[in-house]
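Here is the structure we will look at.
Nothing in this text is a laboratory measurement; each read-out follows from the coordinates by a stated rule. Quantities reported herein were computed from a predicted structural model and do not represent experimental measurements. Heads up, the Cβs are rebuilt from the backbone with ideal geometry, glycines too, and the neighbour counts pull from every protein chain shown.
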């Protein structure tokens with residue numbers, strides 16, 4: 001199956017034959033009926049009532065259906081909607097509570113017979129991914145505890161770049177005074193904290209612009225800019241392009 005250029009939501013049934021492959025996109029499988037025996041990256045489990053699976057891109061996995069079955073399958077391009085680290089962190093298999101199961105069944109009804117249209121799929125994918133992220137244990141979703149102060153700041157950047165982070169927040173995470181933090185950060189990375197955070201946000205913004213689904217104002221807010229004008233100014237100043245040019249180049 002070719003990797004999708006944007007999130008795709010569909011319903012699928014399987015024929016009982018065991019298959020093994022890997023793909024270049026993330027995939028989430030949630031049961032509507034029946035079960036799917038799976039092995040993901042060396043871990044074996046079952047997707048069925050109360051249990052789903054998230055297969056990160058490039059991860060070899062095998063699967064075989066059991067009985068009559070129907071699943072909601074979400075295919076997510078690498079780098080879309082959530083940082084890849086958020087999709088790779090934690091166990092492949094996860095519990096599905098009653099509220100999440102209600103969302104799954106709604107998507108199954110909407111996608112019955114054909115995949116969701118691209119706009120609805122994008123918003124449904126974002127809702128489902130954030131529902132899963134919210135349900136992860138705090139020890140998985142929190143910024144990893146690391147010894148080096150600059151590593152702590154880098155981890156916080158990667159985890160929360162879409163929020164209104166400041167250099168003072170990063171210095172506090174590192175446990176250093178702002179001036180000392182700035183000095184050590186630059187010595188370690190060759191960049192200023194503000195510059196690296198801006199580049200991280202712009203990398204994410206360009207990925208969303210190339211995807212082409214979200215309006216510019218939503219892209220700006222998703223990556224931590226106050227509005228689309230702020231994103232446009234930053235892109236033009238730091239990379240010499242406009243959001244429209246990035247979007248047109250992808251087309």
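Residues 10, 78 in ascending order of nearby Cβ atoms (within 10 Å, fewest first): 78, 10. A protection proxy built from the mean count of other Cβ atoms within 10 Å ranks the segments 240-247, 53-60, most packed first, as 53-60, 240-247.
Dividing the mean sequence gap of close Cα pairs (under 8 Å, 6+ apart) by how many residues the chain holds gives a relative contact order of 17 percent.
Per residue, the average separation of C-alpha pairs within less than 8 Å and at least 6 apart gives segment 8-140 a relative contact order of 33 percent.
Full-extension gain between residue 229 and residue 64, please, as 0.36 nm times their residue separation minus the C-alpha to C-alpha distance.
Working: separation 165, 0.36 × 165 = 59.40 nm, distance 4.97 nm.
Length difference between fully extended and current span is 54.4 nm.
Note: relative contact order over segment 149-250, using C-alpha pairs below 8 Å and six or more positions apart, is 24 percent. From its DSSP helices (H runs of at least four residues, each -39,500 (n - 2.57)), the chain gives a residue-normalised ellipticity at 222 nm of -14000 deg cm²/dmol.
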